[in-house]
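Undergrad: Below is the structure I would like to discuss, written out as structure tokens.
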């Protein structure tokens, strides 16, 4: 994650939200858009400030702890001929009445 890009995106969202609040129309859509921009900009700004500490904490974690949070599921290998393929039952088509 690029810290410079994160800070720029946070600043742009905060600026856009502020401009929309001050100069935007008075309708509900404009205030909702401005509120969303400001909220996301504040969260990204907090993440931008905390990013060095987050990266150093992740670097100090042991590999097994990271694997515990992000488990990789074992997919069955379809290339072996002994593995039975699952049977998918399809419903029978409905009969049409001739009356």
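Bear in mind that the values in this text are calculations on the coordinates, not laboratory data. Keep in mind that what you see is a predicted model, and the values were worked out from it rather than measured. Note that each Cβ is placed from the backbone with ideal geometry, even for glycine, and that neighbours are counted across all protein chains shown.
Undergrad: If you take the C-alpha gyration tensor of segment 3-62, multiply each eigenvalue by 5 and take the square root, what semi-axes do you get, largest first, in whole Å?
TA: 31, 10, 6
Undergrad: For the pair residue 89/residue 69, report the inter-label distance in nm, with labels modelled 7 Å from Cα in the Cβ direction.
TA: So the two model labels end up 4.3 nm from each other.
Undergrad: Name all residues of segment 6-20 having a backbone nitrogen under 17 Å from the label point set 7 Å from the Cα of residue 58 along its Cα→Cβ direction, giving them as ranges.
TA: Counting backbone N atoms under 17 Å from the label point, the list is 6-7.
Undergrad: Calculate the spin-label point distance for residue 30 paired with residue 49, positioning each point 7 Å from the Cα along the beta-carbon direction, and give it in nanometres.
TA: Between residue 49 and residue 30, the label points sit 3.0 nm apart.
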